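Enquirer: One structure is given below, represented as structure tokens, and several questions about it will come after.
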Amino acid sequence: MKRFSFLTLLLSGIVAALSNCRHTHVDNNQPSDSDSLYTNTHYTLTIPARFPLLTNPYKDSMSVEGVELGRILFYDKHLSLDGQKSCATCHNVLFALSDSGNAKSTNEFQQTVRNAPALENLAWASQLFWDGRSGSLALQAQDAYQHELGLVVQNGINYLKTDSTYTRLFRKSFGRPGDITAPKIYNAIQQFVMSAISGNSKLDKYLRGEEQLTPSELMGYQIFLNETGDCFHCHASSGGSTLLFTDNLFRNNGLDSAVNVSDFKDAGRGAITGSSSDYGKFKDPSLRNIALTGPYMHDGRYTTLQQVINFYSDSTKLSPTIDNTMLLPNHANGGLHLSTVQKQALVDFLYTLTDTSFIHNPGLQNPF
């Protein structure tokens, strides 16, 4: 009797095990490791106080994994023609993601025609580069990889596929099937650059009641905001806030004299739109971290902020497309004609826009 009971229990166990096996489905076509799954940890951009509303259509599709992947790609020199350059070669975080004090950069082919711009607060920009030729940060990344880094796309993809860190991050950032493609590379770079937000300078702390400006800095701020310096026309955001310190528009600020638009050495925005009214126009850069991002202007012609202010004070030039602001009565006879004290006050104020927490932000540093 005991023997019969034992056999009955044994057979019941075997039947149950077989039943479980029949109901367990193993899909050999899908990766089984946990890293293959799409994590999609939403990345929330921290918007500084008093910044304009962010309407960038890509802001809600950012992920923690995508930003981190973009950071690694941004610093990886393997994604260039000679394996010696990366995005960070010309966009050094210690110089607010500009080119380390160089007027022109040396890319994979030659010296660049224009100064490498800083890559800060570009989540608010819809047209990128000095001439606005790219309509998104992903397109900007594609342009830079092609024309500055000389990336052979398939070679880059083949390299990334051999690295387990990359294959894991691409899966966690973009999900199954986990393939690595050029659009995903550019999308990840876009997410990283969108995360590069600067809004914690001495001026920001002053506006929050945390620090005081010196008398000269405060005078410079007032000059910036009124028609004495007239800076606000180009360096305020479209909503009236000055805190982006750019309107992200394109203007001819009187750098070069010209009788006809064909006289411009660099057509600027005009080469993109084909409109004669856009010749000689370039994007208004942000003044944030301006003390770190020299040399100045699209061609890096001015080494110091003092030279820039001297230009606006006494050396602006006429041309067919010069911005109307530069023709206002207070700009008569080549500039604003500021006093020595006013010039120094403006320089002192501009230094208050340096954001040391931005350039030391761990999320922007070299992961290698």
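The values are calculated or read from the model by the stated rules, or taken from the named source; none is laboratory data. Because the structure is a prediction, the values reported are computed rather than measured. As a convention, Cβ positions derive from the backbone with ideal geometry for all residues, glycine included, and neighbour counts pool all protein chains shown.
Enquirer: Pick out the one residue from Pro52, Pro117 that is at pLDDT 90 or above and over 15 Å from the mean Cα position of the chain (by Cα).
Expert: Details: Pro117 fails: over 15 Å from the mean Cα position of the chain (by Cα).
So the residue among Pro52, Pro117 that is at pLDDT 90 or above and over 15 Å from the mean Cα position of the chain (by Cα) is Pro52.
Enquirer: Follow-up question, since we're still on this one. Check off (1) at positive phi; (2) surrounded by fewer than 19 Cβ atoms within 10 Å (Cβ to Cβ) for Asn310 and give me the number that stays unchecked.
Expert: Only one criterion in (1) at positive phi; (2) surrounded by fewer than 19 Cβ atoms within 10 Å (Cβ to Cβ) is unmet by Asn310, namely (1).
Matching residues to (1) free of Cβ contacts under 8 Å to residues at least 60 places away in the same chain; (2) touching a Leu at 6+ places or on another chain (Cβ under 8 Å); (3) not acidic (Asp, Glu):
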{"position": "Thr44", "(1), (2), (3)": "yes, no, yes"}
{"position": "Asp60", "(1), (2), (3)": "yes, no, no"}
{"position": "Leu69", "(1), (2), (3)": "no, yes, yes"}
{"position": "Ala103", "(1), (2), (3)": "no, no, yes"}
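Enquirer: Also, I was wondering about something else. Do we have Arg301 as under 30 Å from Lys77 (Cα atoms), basic (Lys, Arg) and surrounded by fewer than 17 Cβ atoms within 10 Å (Cβ to Cβ) here?
Expert: It is true that Arg301 is under 30 Å from Lys77 (Cα atoms), basic (Lys, Arg) and surrounded by fewer than 17 Cβ atoms within 10 Å (Cβ to Cβ).
Enquirer: When you look at Ala116, is it free of Cβ contacts under 8 Å to residues at least 40 places away in the same chain and surrounded by 22 or more Cβ atoms within 10 Å (Cβ to Cβ), yes or no? Please lay out each step first, then the result.
Expert: Values: free of Cβ contacts under 8 Å to residues at least 40 places away in the same chain: yes; surrounded by 22 or more Cβ atoms within 10 Å (Cβ to Cβ): yes.
Judged against the criteria, Ala116 is a match.
This table checks each residue for (1) touching a Cys at 6+ places or on another chain (Cβ under 9 Å); (2) over 19 Å from Leu73 (Cβ atoms); (3) at pLDDT 95 or above.
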| site | (1), (2), (3) |
| --- | --- |
| Leu94 | no, yes, yes |
| Thr112 | yes, yes, yes |
| Phe129 | no, yes, yes |
| Arg133 | no, yes, yes |
| Thr162 | no, no, yes |
| Pro177 | no, yes, no |
| Ile180 | no, no, yes |
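Enquirer: Please verify whether Gly83 is free of Cβ contacts under 8 Å to residues at least 12 places away in the same chain, in contact with a helix residue (DSSP H, G or I) (Cβ under 8 Å, 6 or more places away or on another chain) and over 23 Å from His235 (Cβ atoms), treating the condition exactly as stated. Before you say what the answer is, go through the steps one by one.
Expert: Values: free of Cβ contacts under 8 Å to residues at least 12 places away in the same chain: yes; in contact with a helix residue (DSSP H, G or I) (Cβ under 8 Å, 6 or more places away or on another chain): yes; over 23 Å from His235 (Cβ atoms): yes.
Yes: the conditions hold for Gly83.
Enquirer: List the residue pairs whose Cβ atoms are under 8 Å apart, where the first residue sits in the stretch 341-359 and is more than 16 Å from Leu225 (Cα to Cα) and in contact (Cβ under 8 Å) with a residue 40 or more places away in the chain, the second is assigned to a helix (DSSP H, G or I) and basic (Lys, Arg), and the two are 6 or more positions apart or on different chains.
Expert: Pairs found: Thr354/Lys202.
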